[in-house]
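Nothing in this text is a laboratory measurement; each read-out follows from the coordinates by a stated rule. Quantities reported herein were computed from a predicted structural model and do not represent experimental measurements. Positions of Cβ are backbone-derived with ideal geometry, glycine not excepted, and every protein chain shown enters the neighbour counts.
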Amino acid sequence: MKPSISVVFVCHDGDGRILLARRSAQARDEPGAWDCGAGALEFGETFEAAVTREVGEEYTAVPREIRQLGVRNVLREDPPSHWVAVVFAVRIDPAEARIGEPHKFDDLAWFAPGDLPSPLHSQLPATLALMPAGPA
């Protein structure tokens, strides 16, 4: 198997809150876990174009600001996968955020970083560790 490339995005409101989605029973992995957004990079696509497309698909929102935070090497055993995850902070207007893919997510909510819901997706803490302290 070859590694795949994904864009991972933590949407925020510019005032310190982050947007998380609860994975539905039909999600590929970890149903019921709260997670940020992500999607595969398509052939010929820039990172920013992929983030813009995925934020629109998942949250029906338009990014106001996109900032790259870092890169993670994600190796998982169940199911076996290897992703190179390019991580972004994305500011959106909270009024635009809605569930755009109800087959993947069944709830969407804003949280303060110190008051996150449970359970969190297994990959989320390492992603959130890349977020700067305070408003992005």
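If you check every pair at least six apart or on different chains, which have Cβ atoms under 6 Å apart with a residue in the stretch 105-132 that is under 22 Å from Val86 (Cα atoms) first and a residue that is outside any helix (DSSP H, G or I) and aliphatic (A, V, I, L, M) second?
From residues that are under 22 Å from Val86 (Cα atoms), the pairs are Phe105/Ala21; Phe105/Ile99; His121/Ala33; Thr127/Val8; Thr127/Val87; Leu130/Leu69; Leu130/Val87; Met131/Val10.
Can you name every one of the strands (runs of 3 or more DSSP E) wholly within the stretch 21-136 that holds 1 or more residues which are more than 29 Å from Met1 (Cβ to Cβ) and charged (D, E, K, R)?
Counting at least 1 such residues, we get 65-77, 80-91, 105-111.
In the stretch 73-109, which residues are under 13 Å from the mean Cα position of the chain (by Cα), of a type outside the set (A, V, I, L, M) and over 16 Å from Asp29 (Cα atoms)?
Of everything in the stretch 73-109, those that are under 13 Å from the mean Cα position of the chain (by Cα), of a type outside the set (A, V, I, L, M) and over 16 Å from Asp29 (Cα atoms) turn out to be Phe88, Arg91.
From the list Val8, Val51, which residue is touching a Lys or Arg at 6+ places or on another chain (Cβ under 8 Å), of a type in the set (A, V, I, L, M, F, W, C) and surrounded by 15 or more Cβ atoms within 10 Å (Cβ to Cβ)?
Val8
Sort through Gly39, Gly70, Gly16, Gly100 and tell me the only one that's of a type outside the set (D, E, K, R), within 22 Å of Leu130 (Cβ to Cβ) and touching a helix residue (DSSP H, G or I) at 6+ places or on another chain (Cβ under 7 Å).
Exactly one residue qualifies, and that residue is Gly39.
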